[in-house]
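The values are calculated or read from the model by the stated rules, or taken from the named source; none is laboratory data. Note that the structure is a prediction, hence the values are computed from the model and not measured. FYI the Cβ positions are ideal-geometry reconstructions off the backbone, even for glycines, and counts take in every protein chain you see.
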Amino acid sequence: MTRIAVVEGDGIGHEVIPVARSVLEHLHDEYEYFDVDVGYGRWERTGCPCTDPDIAKLKTADAILFGAITTPPMKDYQSVVLRIRKALDLYANIRPVRGDGFDITIVRENTEGLYSGIEDVTSDRATTLRLVSRKGTERIVRKAIDLARQRNGQLTIGHKANVIKSDVFFRDICITEAKAAKIAFNDKFIDALALDLLQHPKNYNVIVTTNMFGDILSDVAAYLVGGLGLVPSANIGDRYALFEPVHGSAPDIAGKNIANPIAAIRSAAMMLDYLGDHEGSRRINKAVGQVVSAGICTRDLCGTAGTREFGVAVLSCLKNPEQYPLV
Ligand code: NAI
Ligand code: MG
């Protein structure tokens, strides 16, 4: 039996994840779904955002559907998202951004770099160690090479090797691996890459980069497709996999039924691909496209549909695709 852990998390996670879950349940009512309550809300109620038994529970799932978790700017509060990514060793954060004439996949290293959590703060100095390991770099670039090969595409390595030694190390390992794999590649400084990606998205295919650069680059790339409400992601390791929207808990719009659930729904589609149901995944993405083409969309896309109403429309399109325009 396929077991899906569902983590709504905080903020709009409570709104977009129920929609994504209903789409999954529609296609796969034979899966077992179970909730795992972690996050800031849990911390407010119990004083602890995530326990070891929660992590153990997540590890029993075949895949995790994840909303977003608020990380308050408090000293000593450890990010739950980072803890889960580390504990499950979800080293590859794969973020597809598809639009008119372009199909970009950002492959972000997900366990080290500036988010390694090796930090020291005193009253007059704060240090964050940027760890880039050979093992961490080899496994992320190999994942990116696999994706580029599947798509017959080019690999772009994003780095800041002109300034940071750990990025000279990252870039050189990526180039060695790309040459060994005989794959077409180029490399770019991350700041120039961020601008060029917006100006010439068609020139990009698979982009591999370190943790924080990938975090920033994927929010930037969301601009190409209409914002953060649309971009899904897969966090993949060798044993576990977690699927979540690229966006966060969006406290500014939480609880208003206006969040766009497309990123969450598409994350569910990525989950189905991972679980081997490619047809289900294709159907979900097609239904989302049909509903948007019919003019049903949330406020961020200049529509008037609520989060729940958009979800109802996607479900109705899955049940009866003929009632919506074909895309
Ligand atoms: P955010 O992604 O939550 O929001 C940025 C902006 O995009 C906001 O104006 C928001 O209203 C808008 N937005 C985001 N998702 C949307 C959607 N589905 N539909 C319509 N508009 C949407 O990022 P922000 O504000 O920097 O962070 C808020 C909280 O989320 C913080 O506590 C942060 O730590 C957390 N966060 C958690 C993540 C995770 O759990 N993986 C990822 C990013 C942030
Ligand atoms: Mg981010």
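Go through region 276-327 and give me each residue that's assigned to a loop (DSSP other than H, G, I, E, B) and among the aromatic types (F, W, Y). Talk me through it step by step, then tell me what you get.
Looking only at region 276-327, we keep the residues that are assigned to a loop (DSSP other than H, G, I, E, B), and these are 276-277, 294-298, 302-306, 320, 324-327.
Passing the criteria: only Y324.
Kindly list the number of the only condition in (1) away from ligand 1 (no atom under 11 Å from the Cβ); (2) under 16 Å from A234 (Cβ atoms); (3) not charged (D, E, K, R) that fails for C48.
Single failed check for C48: (2).
Within region 176-205, can you find the residues that are outside any helix (DSSP H, G or I) and either without any contact (Cβ under 8 Å) to a residue 60 or more places away in the chain or of a type in the set (D, E) (or both)?
Kept after step one, since they are outside any helix (DSSP H, G or I), are these residues of region 176-205: 181-189, 200, 204-205.
Hits for region 176-205 are A181, K182, I183, A184, F185, N186, D187, K188, F189, H200.
Please state which of the following conditions V208 fails to meet, knowing it meets all the rest: (1) away from ligand 1 (no atom under 14 Å from the Cβ); (2) aliphatic (A, V, I, L, M); (3) part of a loop (DSSP other than H, G, I, E, B); (4) buried (at least 24 other Cβ atoms within 10 Å of the Cβ).
Result: V208 fails condition (3) only.
For region 100-127, how many residues meet the condition of being closer than 28 Å to A87 by Cβ, out of contact with any helix residue (DSSP H, G or I) (no Cβ under 7 Å at 6 or more places or on another chain) and surrounded by 15 or more Cβ atoms within 10 Å (Cβ to Cβ)?
Qualifying residue count for the region: 1.
Can you give me the number of residues within region 298-317 that are among the aromatic types (F, W, Y) and either within 16 Å of ligand 2 (Cβ to nearest atom) or over 22 Å from the mean Cα position of the chain (by Cα) (or both)? Quick ask: steps written out before the conclusion?
Initially, region 298-317 is screened for residues among the aromatic types (F, W, Y), giving 310.
Of the ones still in play, those that are also either within 16 Å of ligand 2 (Cβ to nearest atom) or over 22 Å from the mean Cα position of the chain (by Cα) (or both) are none.
The number of residues fulfilling the criteria is 0.
Please find, among G101, G158, G153, the residue that is in contact with a Leu (Cβ under 7 Å, 6 or more places away or on another chain) and not hydroxyl-bearing (S, T, Y).
Numbers: G101 fails: in contact with a Leu (Cβ under 7 Å, 6 or more places away or on another chain); G153 fails: in contact with a Leu (Cβ under 7 Å, 6 or more places away or on another chain).
Step by step, each of G101, G158, G153 is checked, and only G158 is in contact with a Leu (Cβ under 7 Å, 6 or more places away or on another chain) and not hydroxyl-bearing (S, T, Y).
Please name all residue pairs, on different chains or six or more residues apart, with Cβ atoms under 6 Å, provided the first residue is in region 277-292 and is closer than 16 Å to D29 by Cα and the second residue is among the acidic types (D, E) and part of a helix (DSSP H, G or I).
S281/D273
Quick one: S22 ticks every box in (1) assigned to a helix (DSSP H, G or I); (2) of a type outside the set (K, R); (3) within 16 Å of ligand 2 (Cβ to nearest atom) bar one, so which box is it?
Here S22 clears every test but (3).
Taking region 27-70 as the region of interest, how many residues are loosely packed, with under 15 Cβ neighbours inside 10 Å, part of a helix (DSSP H, G or I) and in contact (Cβ under 8 Å) with a residue 24 or more places away in the chain?
Number of matching residues: 1.
Is region 124-136 home to any residue that is outside any strand (DSSP E or B), of a type in the set (V, I, T) and more than 18 Å from the chain's Cα centre (by Cα)?
Step one: of region 124-136, the residues outside any strand (DSSP E or B) are 124-125, 129-130, 132-136.
From what is left, the residues that are of a type in the set (V, I, T) are 132.
If we keep only those that are more than 18 Å from the chain's Cα centre (by Cα) too, we end up with 132.
Scanning region 124-136, I find at least one residue that is outside any strand (DSSP E or B), of a type in the set (V, I, T) and more than 18 Å from the chain's Cα centre (by Cα), so the answer is yes.
Could you check region 235-254 and list, in sequence order, the residues that are away from ligand 2 (no atom under 15 Å from the Cβ) and either of a type in the set (S, T, Y) or in a loop (DSSP other than H, G, I, E, B) (or both)?
G237, D238, R239, Y240, D252, I253, A254
Could you go through region 255-275 and let me know if any residue there is assigned to a loop (DSSP other than H, G, I, E, B), within 15 Å of ligand 1 (Cβ to nearest atom), surrounded by fewer than 17 Cβ atoms within 10 Å (Cβ to Cβ) and touching a residue at least 60 places away in the same chain (Cβ under 8 Å).
Filtering region 255-275 down to residues assigned to a loop (DSSP other than H, G, I, E, B) leaves 255-261.
Still in the running and within 15 Å of ligand 1 (Cβ to nearest atom): 255-261.
When the remaining residues are screened for being surrounded by fewer than 17 Cβ atoms within 10 Å (Cβ to Cβ), the result is 255-257.
From what's left, touching a residue at least 60 places away in the same chain (Cβ under 8 Å): 255, 257.
Yes: one or more hits.
Output the number of residues of region 154-173 satisfying the condition of being closer than 15 Å to L114 by Cβ and under 21 Å from the mean Cα position of the chain (by Cα). Walk me through how you get there before you give the answer.
Residues of region 154-173 that are closer than 15 Å to L114 by Cβ, as a first pass: 158-160, 163-167, 169-170.
Okay, now just the ones that are also under 21 Å from the mean Cα position of the chain (by Cα), so 158-159.
Summing the residues that are closer than 15 Å to L114 by Cβ and under 21 Å from the mean Cα position of the chain (by Cα) in region 154-173 gives 2.
Suppose we keep only residues that are part of a loop (DSSP other than H, G, I, E, B) and more than 12 Å from ligand 1 (Cβ to nearest atom) within region 1-19. Which one would you say is nearest to N260 (Cα to Cα)?
My answer is T2.
For region 211-234, how many residues are more than 13 Å from ligand 2 (Cβ to nearest atom) and in a helix (DSSP H, G or I)?
Number of matching residues: 5.
In the list T105, T156, which residue meets the criterion of being in a strand (DSSP E or B), modelled with pLDDT of 95 or more and farther than 25 Å from V16 by Cβ?
Exactly one of T105, T156 is in a strand (DSSP E or B), modelled with pLDDT of 95 or more and farther than 25 Å from V16 by Cβ, namely T156.
Return the residues of region 115-153 that are in contact with a strand residue (DSSP E or B) (Cβ under 6 Å, 6 or more places away or on another chain), closer than 29 Å to G226 by Cβ and not small (G, A, S); say none if nothing qualifies.
Correct list: I140, K143, L147.
Exactly one condition in (1) touching a strand residue (DSSP E or B) at 6+ places or on another chain (Cβ under 7 Å); (2) away from ligand 1 (no atom under 16 Å from the Cβ) is false for A194; which is it?
All conditions are met except number (1).
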